[in-house]
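J.: I have a structure I would like to understand better, so I am pasting it below and will then ask my questions one at a time.
What follows is calculated from the coordinates using simple rules that are stated; it is not laboratory data. Since the structure is predicted, the reported quantities are computational estimates derived from the model, not experimental observations. Ideal geometry is used to build each Cβ from the backbone, glycine not excepted, and the neighbour counts take in all protein chains shown.
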């Protein structure tokens, strides 16, 4: 994750070194993943995790940081090069199953049969998303008022990874002789999609907000952004649908104009 952030910031600083200058913004974000799940996405990793595990969508909301570099083309129009970060890991347990050991292997059965010889089955899910974006920004009333509204949108390059560590139930085979009490094998897994710099996906974003001048070259920035992107699993999580990388950023930032 750190390597991705460093690479993205270097790219933005390279843009500034070419002579494009006007505004830099440092933002504190609160990220809410869209995490499309439910009956309309039955083969989504998000759906399966939220159905089976104790954590829920809101557990993957978290604060993050962002950085913008803005190049003014006119008083009402500019280009914005930005990078946002998000990384969250959450551990949970299987809601409907418990584990038991048999001949040195671990199996799962319904928690209705839990007793002193059974134990909790759990794993963690880690998600990292780093959007690197270029956007068109419009300030319809210019930049000389006490409150400066803006809106815009653009396209983005998304670096992402997903990792799962812990107990994973294999539901493909029932090892029980009694169809009313299914028994499944439990794997001890540590699998990851998108090692090193992460996998790459493309998406878009729209945003809006207001800037409030507080000094000659300083403004406070209150904004909201929606990112839309999906990632394709190709190795560790094959068999799942596209992974929803979309989400909502609500941000508080400081703009420095120069």
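J.: GNM on the chain, C-alpha springs below 10 Å: top fluctuator among 187, 216, 75?
T.: 216
J.: While we're on this one: How large is the helix-only mean residue ellipticity at 222 nm for the chain, computed as the sum of -39500 (n - 2.57) over DSSP H runs with n ≥ 4, divided by its residue count, in deg cm²/dmol to the nearest 500? Don't jump to the answer; show the numbers that get you there.
T.: Values: 2 runs with 24 residues, N = 258.
Counting only the DSSP helices, I get -3000 deg cm²/dmol.
J.: A follow-up question, please. Comparing 175, 102, 150, which has the greatest mean-square fluctuation in the GNM of the chain with Cα pairs linked when under 10 Å apart?
T.: Maximum fluctuation in the GNM of the chain, among the listed residues, is at 102.
J.: With contacts defined as alpha carbon pairs under 8 Å and 6 or more residues apart, what's the relative contact order of the chain in percent? Don't skip to the end; give the middle numbers.
T.: Values: 641 pairs, mean separation 53.5, N = 258.
Computed over the chain, the figure is 21 percent.
J.: How are the Cα pair distances of segment 21-144 distributed, in percent, across 10 Å bins from 0?
T.: Bin by bin from 0 Å, the calculated values are 11, 26, 23, 17, 11, 6, 4, 0.
J.: If the elastic network links every pair of Cα atoms under 10 Å, which of 23, 47, 180 fluctuates the most in the Gaussian network model of the chain?
T.: Highest fluctuation among the options: 180.
J.: For segment 60-204, what is the convex hull (Cα atoms) projected area averaged across all directions, in square nanometres? Don't skip to the end; give the middle numbers.
T.: Working: hull surface 53.8 nm².
That works out to 13.4 nm², a quarter of the Cα hull's surface.
J.: Further question on the same structure: Can you tell me the convex hull volume per residue for segment 97-139, based on C-alpha atoms, in Å³ to the nearest whole number?
T.: 150 Å³
J.: Compute the helix-to-body angle for 2-17: its Cα long axis versus the longest principal axis of the chain, expressed 0 to 90° and rounded to tens.
T.: The angle comes out near 20 degrees.
J.: Out of these labelled values of Kirkwood radius over Cα pairs in Å, (i) 18.0; (ii) 20.5; (iii) 19.0, which was calculated from the coordinates shown here?
T.: From the options (i) 18.0; (ii) 20.5; (iii) 19.0, the structure gives (ii).
J.: Determine, for 95, 137, the number of other Cβ atoms within 10 Å of each Cβ, and report the residues in order from fewest to most. Intermediate values should be presented prior to the final figure.
T.: On the way: 95 11, 137 24.
With the fewest neighbours first, 95, 137 line up as 95, 137.
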